[in-house]
Amino acid sequence: MSRAVPRSRKVLALVAGAAALAAPLALAAPASGAETAAGAYTVTPLRFTVQAGGRSCAVDADLYRPAGVDAEHPAPAVLATNGFGGSKNDGSTDAIGKAFAERGYVGLVYSGLGFGKSGCLISLDAPETDGRAAARLVDFLAGALAADDGTRADFVTRDGAGDPRVGMIGGSYGGAVQLATASVDPRVDALVPLITWNDLAYSLAPNAADRDTPGVFKWQWANGFYLMGEGQPLLVPSLDPSRINSLGCLHFVTDACDTVRLLNSGRYPKAATDKMLAYARSVSPVSYVDRITAPTLLVQGQADTLFNLNEARATYDRLRERGVDTRMIWQSWGHSGGQKPGELDLGQGNLESSYVGQRILGWFDRYLRKNTAADTGPAFAWYREGQSGYGTADGVPALSQRLYLSGDGKLVDNRAKVAEGSRRYSNWLVPTSHSESSLAGTIGLPDPRPYDTPGTYLGWTTAPLTAPVDLVGAPKATLKVDSPAAERVQDSGDAADKLVLFAKLYDVAPDGTKTLVNRLVAPVRVPDVTRPFTVELPAVVHRYETGHRLELVIAASDTAYSGNRGVKPVTVASTPDDTGTLELPLVQGTVG
């Protein structure tokens, strides 16, 4: 029998989603008016009609033109669009046009397809739809396309006929569209995607052990987005027929609705899940990143349970493997909050005074203004809470220490210290562990501290640390479990019958208080319980202080995710010659 999520809780989550998703970037609205002390500019509303996804789509935009910029004195351009549920008029989008116009860039800010007053369906930043629409705006910046009122741009720096000097910046939904655009239009000169995804299949139904096996449905986040998208024709009334699909799928493309319905059904037969995975990846950088050549500065948030740091790492690794100039910053804030004093906030105009802002200005200075002396910064940087500034490195730290799961519940630094033994847990038909209420922090509601109910999880704990340890990156756990109940049904042809568990790493203080860093967990749908499997946990940046302990936990359930179908007890056994391991990417200190 599958675990049913109470209807009342689903409704609360969906209502929260509608309120929370309109502005995922932590940017305040700019001051009204077109002139500021930092610089003067004009703002001109424009409308474009473009062909995208087989439809004729209206695109609602604002052109920010700095004073003194004309055909004789051109300037490079910055193109940006909104996060999911927003528009060109929300505080996190028009702030971008303002900020860069004040610094001498031509800004073109637009409402993404299906949002604000732009037409057509929500296509989840599909390259051949959203990417092509953005490419038509690049045509406008090149002077090759007029707006519907006849306005042309003859004041943007060009690298050649029909090739404007243009960069893109934006967060979340407005981050992925940059990668989609660059994959279909090589004229884009620089990208700065913030807090966005690499693989929507991983984002919305992650499987931290095997991305080819359907993952564990992140039902709170996914249904919040779905409600927000389907509600657009009501939230932003429009007579534009291109914004309507059908009564059964009002505002998304049909494949997107089918994906959410399949995930909500709790049943994942192979043909349906293969189609779902193929679709989710077709609208994700994971499927088209090899077509991107534009220099890319990836900025991802440590406090982000929607698009975690692993997403940016996957895009970063693939771009660098292909020789694309790519840098990555792990800032403090993401979709789950986490804004820290001094961190980037475009609404405050603190580009010059924040580390991330300085890096963005340097990136555009180098690739849009062609200043070869501009400092584009190190390959990798990360925000260090409670420490001085950002840490930097030539690459993401490698796994550097291996610990072993002992049969007595200890996490030890030497295989010889492993005690022989086995322990058991079982799931219930309702969730018994809690990591987060996905949308609570976004809308200011309290969220209970993470917890695990005794008997429904197992933990392995280190000895107290004798010196601080700094972890930067994604730990990996290799596990072997025994679950006869899961083994009997795992080959049923429905992936929902496979064993589900959740791996996570706690910081345990000397008084026993546990901290789940940024409330991050690694959901796993075990491909085959008769074989060992490796779990990539979400990357974190965290200092474990002297006297604290690390605890690896595997839990049977989590309130933010779907869970097991039926009761599936799990036993984990250890011997010195055969036990699970935990590998850590440490930049300071060792455990043990």
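The values are calculated or read from the model by the stated rules, or taken from the named source; none is laboratory data. Remember, predicted model here, so these are calculated numbers, not experimental data. Cβ coordinates were reconstructed from backbone atoms using ideal geometry, including for glycine residues, and neighbour counts include every protein chain displayed.
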- Task: Just give me the residues in segment 163-209 being assigned to a strand (DSSP E or B) and on the phi > 0 side of the Ramachandran plot, in sequence order.
- Result: Gly170
- Task: Kindly indicate whether Ala142 is surrounded by 20 or more Cβ atoms within 10 Å (Cβ to Cβ), modelled with pLDDT of 95 or more and within 20 Å of the chain's Cα centre (by Cα).
- Result: no
- Here is a list of conditions, (1) surrounded by 24 or more Cβ atoms within 10 Å (Cβ to Cβ); (2) in contact with a helix residue (DSSP H, G or I) (Cβ under 7 Å, 6 or more places away or on another chain); (3) more than 20 Å from Leu403 (Cα to Cα), and Pro538 meets all of them except one; can you say which number that is? (3)
- Of (1) more than 30 Å from Thr559 (Cα to Cα); (2) in contact with a helix residue (DSSP H, G or I) (Cβ under 7 Å, 6 or more places away or on another chain); (3) modelled with pLDDT of 95 or more; (4) in a helix (DSSP H, G or I), Pro233 satisfies all except one. Which? (3)
- Top-ranked residue of segment 130-148 - restricted to ones that are acidic (Asp, Glu) and part of a helix (DSSP H, G or I), ranked as nearest to Leu63 (Cα to Cα): Asp139
- For the subset of segment 287-332 comprising residues that are surrounded by fewer than 21 Cβ atoms within 10 Å (Cβ to Cβ) and among the β-branched types (Val, Ile, Thr), which member is nearest to Ala180 (Cα to Cα)? Thr293
- Item | Cβ pairs under 7 Å, 6+ apart, first in segment 475-500 and surrounded by 22 or more Cβ atoms within 10 Å (Cβ to Cβ), second acidic (Asp, Glu) | Pro475/Glu583
- For segment 326-378, how many residues are outside any helix (DSSP H, G or I) and under 18 Å from the mean Cα position of the chain (by Cα)? 15
- Task: Return only the number of the condition from (1) part of a helix (DSSP H, G or I); (2) surrounded by fewer than 23 Cβ atoms within 10 Å (Cβ to Cβ); (3) of a type in the set (S, T, N, Q) that Thr213 does not satisfy.
- Result: (1)
- Filter segment 381-419 down to the residues that are among the small types (Gly, Ala, Ser) and either touching a His at 6+ places or on another chain (Cβ under 8 Å) or surrounded by 15 or more Cβ atoms within 10 Å (Cβ to Cβ) (or both), then identify the one that is nearest to Leu319 (Cα to Cα). Ala381
- Reported set for segment 245-280 where residues are of a type in the set (Ser, Thr, Tyr), assigned to a strand (DSSP E or B) and buried (at least 18 other Cβ atoms within 10 Å of the Cβ) is none
- Item | Subset tally (residues that are crowded, with 19+ Cβ neighbours inside 10 Å and either assigned by TED's automatic domain parsing to the domain that holds Gly215 or of a type outside the set (A, V, I, L, M, F, W, C) (or both)) for segment 552-582 | 12
- Task: Filter the strands (runs of 3 or more DSSP E) completely within segment 19-129 down to those with at least 2 residues that are at pLDDT 90 or above and not aliphatic (A, V, I, L, M).
- Result: 39-52, 55-66, 106-110
